[in-house]
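To start, the structure under review is shown below, and the notes come after it.
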Amino acid sequence: MLTPIASSFDIPPTPAIPPGLIATQSPPENAVDPFADANSNPFEDAAPPPDQKWKFNPLEIVRRPFVPQLQDELEVKQGDEVRIVQAFDDGWALAELRNAEGSTTQGLIPLDCLRLAGQSLPSFFASKRRSSSSTVNTTS
């Protein structure tokens, strides 16, 4: 024989809290409100350290080819000249490539494409760092 499953009607109600157990006093005068600073967001990423900034020549020469894998990436060949529009701390950059007709195409390329043969990646990144911002917008 099956036994019935308990329904919500079989569960007793939660008893009321006696009036004397609820704290009604104010916090101490020296208590710190962690949410008092309206400009502070505990979930916001900290500002990048000052050494996470980039510097590029007006035109950079591509040293290593790159074949795009995604639609927003830009194909570049060794010897192409690109303008870095914006560099990102993850090792990628938004680049602009001018074709023979004078029109430009923008897309993402790995910064490694600009590294000289034999140059270590850490020394390449160190040579491109500047202390003014984590991304450099060179459109102006």
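Worth pointing out:
- Contacts under 9 angstrom Cβ, first residue in region 104-124 being among the β-branched types (V, I, T), partner surrounded by fewer than 18 Cβ atoms within 10 Å (Cβ to Cβ) and at pLDDT below 85, 6 or more apart: T105/N99
- Residue in region 99-115 that is touching an Asp or Glu at 6+ places or on another chain (Cβ under 9 Å) and at pLDDT below 85 present: no
- Of the residues making up region 87-98, those that are modelled with pLDDT under 90 and under 15 Å from D72 (Cβ atoms) are F88, D90.
The values are calculated or read from the model by the stated rules, or taken from the named source; none is laboratory data. Predicted, not measured: the structure shown is a model, and the values here were computed from it. Cβ coordinates were reconstructed from backbone atoms using ideal geometry, including for glycine residues, and neighbour counts include every protein chain displayed.
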